[in-house]
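Note sheet for the following structure.
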Amino acid sequence: MNRPALILWIGLPAIVTIALLLVSYQVKGLESELAELERAALTQQEKIHVLNAEWSFLNRPERLARLAKRYLNLAPVAPKQLITFSYEPLTKDLVAQGFAVQNIVMQYLAPHSLITDGLKQ
Amino acid sequence: MSDLSVRSWRKASDDMSVDTGDQRLSARQAGQPLETARTRLFVAGAIFALCFAILGGRLVQLSLLSSGQSQQRVAEQQGGALNLERADIVDRNGTLLATNLPSHSLYVNPSQVLDANEAADKIIGVLPGLSRAEIFHKASAKGQFAWIKRDLTPEQHYAVNRLGLPGFEFKREERRVYPHGALFVHTLGFSGVDNKGLAGLEAALDDDLKQLAATPGGKMVTALDSRVQHIVHAELSAAMTEFKAKGAAGIVIDVNSGEVLALTSLPDFSPYAPGSAKTNQRFNRATLGVYELGSTFKTFTTAMALEYGVVDMNDRYDATKPLKVARHTIHDDHPQNRWLDVSEIMIHSSNIGAARMARDVGAERQKKFLDRLGMLSPLPFELAENGRPITPRHWREINTMTIGFGHGIAVTPLHLISGFATLVNGGIKTTPTLLRINTGYTDQTGGERVIARETSNSMRTLMRLVVEQGTGKKAEAEGYLVGGKTGTAEKAAVGGYKKNALITTFVGAFPMDAPRYAVLVMLDEPHGNKATHGYAGAGWNAAPVLGRIVSQIAPMLGVMPLLPASDEDDSQDNTQLLVRADGEGRHFASY
């Protein structure tokens, strides 16, 4: 019998079998890894779900209003505090004086240093 | 290759014949073993081929099948990562209003309990709220299963687990949680331990919530706004205390889409303990209670008279003295004792004028008009609690006249505000909905036209006048052009009306030049106090509450305030309104 052919026909199945075995083990390993990750993801999702509920609980408007009243020196926005850029009495004079738009905003907000500080950054 | 094999086979067969010895091969017989060899060769080849085929098949099967399984699992994973029984409910800004959280429930399997007496003592030690006798009874009874306590807190779960009692086990369940507590109890309702909706939206859309839970990321987006709801709730609570009222209701609705941003009924109750709530607390005054809402109905009478061309804005009615019809006499609460034009009838809330106007329109047309506004049948609202209006069985002239100023017909506050929104939004019928439009859960399309645009513009002007000059002055919210109508009605009692039991209502919208939101405030049996000089009318209690609500919610909802124009600005053609009633030229805030 032809020796190379024999080696080929015995070797090929052997290689395939071993390869299959290795791949099969690898797949099993990966599957258990996947299952573990899935479990972890589920746990995390559950935690996020609970945290969402907690976040909503802590952001109750009633609680925020109470805390704001206690710790912040803020009041509801008064109509006078809202203007548009088309509000002529404001813009006419300032544009005439050569202010850029941002400067107009700064000028108007100057008394409220907290806000202008924020804008400058 | 076959040549090689044949030769080797022939050699082998020669050897075999030599070994057996009793048959000598002849050249003639040499063909037979060759045939045999060929057959054997074929069989062996076939067996090998089969083996390879099996191996190959198995290879394919392994790779395909296992990958199929994992793919399927991944898909499941992405689909319902957390398989909850009910979908979350969120408000229009995505704030969570109701959600299902995993919880643990304790049950006992009596057949595995070693010592029921000891077990009962230990359980009572960590769950003091339970009855010892009951636990002992359950733990010593026959059978396999009995609940001890549903929905344990994590601490209780841990404590019971630490006892390590055989036979006491946990079942993983889900519990409905309302992070905002009682704030939304009359809109969302609540659901029971078995995750079944028992009241409100939870009951009305029970199936939808369960179906939504099965879809990835499924949640129900409502039209509600928790900030607006909080402001309405807080202001109504304050008003209830201030005026010693029995109850209150408040609604905020988008006049164009019909979306309900806030809906409150007070007193309310905890959604976790509906069983211990009193009937008064459980009752939804905003959608289930039907009331004769009094003068607020004059808006419908006026709109109907204008729409049918029965009157125009300059027509005048005799209000010099009380009006006698059959056995009844109709008085004015704020008597002017003179002829009043249409706007004065609204401003001074004249019953006589409204009754005469309604009589001129006639019963048939009045009934048809109110029906088109949806005032005569229950609303298709997404709550389990929807009240049916009470209307006269025989719609006689006297009924027409009393309905003209809001008596003899009882509707829910939600009916009133929906009808009112229709009058001021340009005349398109407003159907209230709790669900956010354009999210796929509601198929609300453009409504039908009920009144002409011109009539709607006239109504806006009239409503604004009521707040500028009339009974609703205290509803003013600086800059937001509130317009509306007061209504003070005595509560119906057996055989007549109760003098000192009032329902006061203010229904309004803002900004009146181009209305975007309508607000309703209703107080149930408010009382006068020092600040109101003893008066208990709507202008003294409901109106100021509405003004306070509007001045707080308007900036949140992106309504740009309009302050009185400066002297040099003479482009305004309607000096009474400051701005034009058709909303032309208004600037909207863009946030």
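Just rank B:ASP91, B:ASP371, B:ASP208, fewest to most, by other beta-carbon atoms within 10 angstrom. Working shown, then result.
Values: B:ASP91 23, B:ASP371 12, B:ASP208 17.
So the ranking, lowest neighbour count to highest, is B:ASP371, B:ASP208, B:ASP91.
Would you work out if the range B:286-488 is rounded, prolate or oblate? Take a ≥ b ≥ c from the square roots of the eigenvalues of the alpha-carbon gyration tensor; rounded if a/c is under 1.5, else prolate when a/b is larger than b/c, oblate otherwise.
Values: a/c = 1.78, a/b = 1.39, b/c = 1.28.
Prolate, because a/c is 1.5 or more and a/b exceeds b/c.
How would you rank A:ILE18, B:ILE390, B:ILE330, going from fewest to most other Cβ atoms within 10 Å of each one's own Cβ?
The fewest-first ordering by Cβ neighbours comes to A:ILE18, B:ILE390, B:ILE330.
Mind listing the long-range amide H neighbours of B:ALA199? Cut-off is under 5 Å, sequence gap 5 or more, other chains count too, H placed in the peptide plane at 1.01 Å from N.
Here the answer is B:PHE190, since their amide H atoms fall under 5 Å of that of B:ALA199.
For labels at B:SER131 and B:GLU118 in the simple 7 Å Cα→Cβ model, what's the distance in nm?
That separation, rounded to one decimal, is 2.6 nm.
Count, for each residue of B:180-192, the Cβ atoms from other chains sitting within 10 Å of its Cβ, then give me the mean as a whole number.
Averaged over the peptide's residues, the number is 1.
Quick one: work out the % antiparallel among DSSP beta bridges in chain B, nearest 5.
Around 95 percent of the beta bridges assigned by DSSP in chain B are antiparallel ones.
Longer than 19 Å from Cα to Cα, which of B:LYS324/B:LYS491; B:LYS196/B:LYS278; A:LYS47/B:LYS196; B:LYS246/B:LYS491; A:LYS47/B:LYS149; B:LYS298/B:LYS530 are they? Say none if no pair is. Could you put the intermediate results ahead of the total?
Details: B:LYS324/B:LYS491 22 Å; B:LYS196/B:LYS278 22 Å; A:LYS47/B:LYS196 24 Å; B:LYS246/B:LYS491 13 Å; A:LYS47/B:LYS149 24 Å; B:LYS298/B:LYS530 29 Å.
Distance filter (> 19 Å) returns B:LYS324/B:LYS491; B:LYS196/B:LYS278; A:LYS47/B:LYS196; A:LYS47/B:LYS149; B:LYS298/B:LYS530.
Identify, among B:HIS328, B:LEU462, B:GLY387, the residue whose Cα sits farthest towards the positive end of the charge dipole of the range B:312-466, taking +1 on the Cβ of Lys and Arg and -1 on the Cβ of Asp and Glu, with the dipole about the Cα centre.
B:HIS328
In nm, what is the difference between 0.36 nm times the number of residues separating B:ARG38 and B:ASN256 and their Cα-Cα distance?
Between B:ARG38 and B:ASN256, full extension yields an extra 69.3 nm.
Expressed as a rounded percentage, what relative contact order does the range B:273-391 have, with Cα pairs under 8 Å and six or more residues apart?
Values: 131 pairs, mean separation 32.7, N = 119.
Computed over the range B:273-391, the figure is 27 percent.
For an R0 of 41 angstrom, estimate the FRET efficiency from the Cβ-Cβ distance between B:PHE48 and A:LYS28 and round to the nearest 0.05. Could the numbers behind the result be given before it?
Numbers: r = 29 Å, r/R0 = 0.72.
The calculated FRET efficiency here is 0.90.
Relative contact order for the range B:286-488: what percent, with Cα pairs under 8 Å and sequence separation of 6 or more?
Working: 368 pairs, mean separation 54.7, N = 203.
Averaging sequence separation for qualifying contacts and normalising by length gives 27 percent for the range B:286-488.
Which whole number gives the average, over all residues in A:55-66, of C-beta atoms from other chains lying within 10 Å of the residue C-beta?
Working: counts 3, 14, 6, 1, 5, 7, 12, 7, 2, 2, 4, 0.
So the per-residue partner count for this stretch is 5.
So if I take the centroid of the Cα atoms in the range B:315-350 and the same for the range B:235-280, what is the distance between those two points in Å?
Centre-to-centre (Cα) distance: 34 Å.
Can you show me the helix-derived [θ] at 222 nm for chain B, built from DSSP H runs with n ≥ 4 at -39,500 (n - 2.57) apiece and divided by the number of residues, rounded to the nearest 500.
-12000 deg cm²/dmol
At a Förster radius of 30 Å, what calculated FRET efficiency corresponds to the Cβ-Cβ distance of B:VAL325 and B:ASN500, to the nearest 0.05?
On the way: r = 26 Å, r/R0 = 0.85.
It comes to 0.70.
Calculated FRET efficiency, A:LEU67 and B:SER276, Cβ-Cβ r, R0 45 Å, to nearest 0.05?
Numbers: r = 30 Å, r/R0 = 0.66.
Efficiency, rounded to the nearest 0.05: 0.90.
Roughly how far apart, in whole Å, are the Cα centres of the range A:34-70 and the range B:476-496?
42
Between A:ASN2 and A:ALA35, what is the label-to-label distance in nm when each label sits 7 Å out along the Cα-to-Cβ direction?
Placing both labels 7 Å beyond Cα along the Cβ direction yields 4.8 nm.
Compute the signed sum of charges (Lys and Arg +1, Asp and Glu -1) over the other residues within less than 14 Å, Cβ to Cβ, of B:THR279. Intermediate results must be reported in sequence, preceding the final value.
Numbers: positive: B:LYS246, B:LYS278, B:ARG282, B:ARG285; negative: B:ASP268, B:GLU385, B:ASP524.
Cβ neighbours under 14 Å give a net charge of +1.
What's the center-to-center distance, using Cα atoms, between the range B:180-232 and the range B:399-417 in Å?
31
How do B:HIS394, B:HIS331, B:HIS137, B:HIS407 rank when sorted from fewest to most other Cβ atoms within 10 Å of their own Cβ? Working shown, then result.
Numbers: B:HIS394 7, B:HIS331 11, B:HIS137 14, B:HIS407 22.
Fewest to most other Cβ atoms nearby, the residues stand as B:HIS394, B:HIS331, B:HIS137, B:HIS407.
Enumerate the amide H contacts of B:THR433 below 5 Å, restricted to partners 5 or more residues apart or on another chain; note that Pro and chain-start residues carry no placed amide H.
Close amide H contacts, sequence-distant or interchain: B:GLU259, B:VAL260.
Shielding of B:478-488 by partners, i.e. mean partner chain Cβ atoms within 10 Å per residue?
Values: counts 3, 4, 1, 0, 0, 0, 0, 0, 0, 0, 0.
The shielding value for this peptide is 1.
Could you work out the relative contact order of chain B, using alpha carbon pairs under 8 angstrom and six or more residues apart, expressed as a whole percent?
Details: 1154 pairs, mean separation 72.7, N = 591.
Normalised by residue count, the contact order of chain B is 12 percent.
Would you pull out the residues with amide H under 5 Å of B:ARG175's amide H, same chain only if 5 or more places away, H placed 1.01 Å from N?
B:LEU101, B:SER103
FYI, it's all coordinate maths here, none of it is from the lab. All values derive from a computational prediction rather than experimental measurement. Cβ coordinates were reconstructed from backbone atoms using ideal geometry, including for glycine residues, and neighbour counts include every protein chain displayed.
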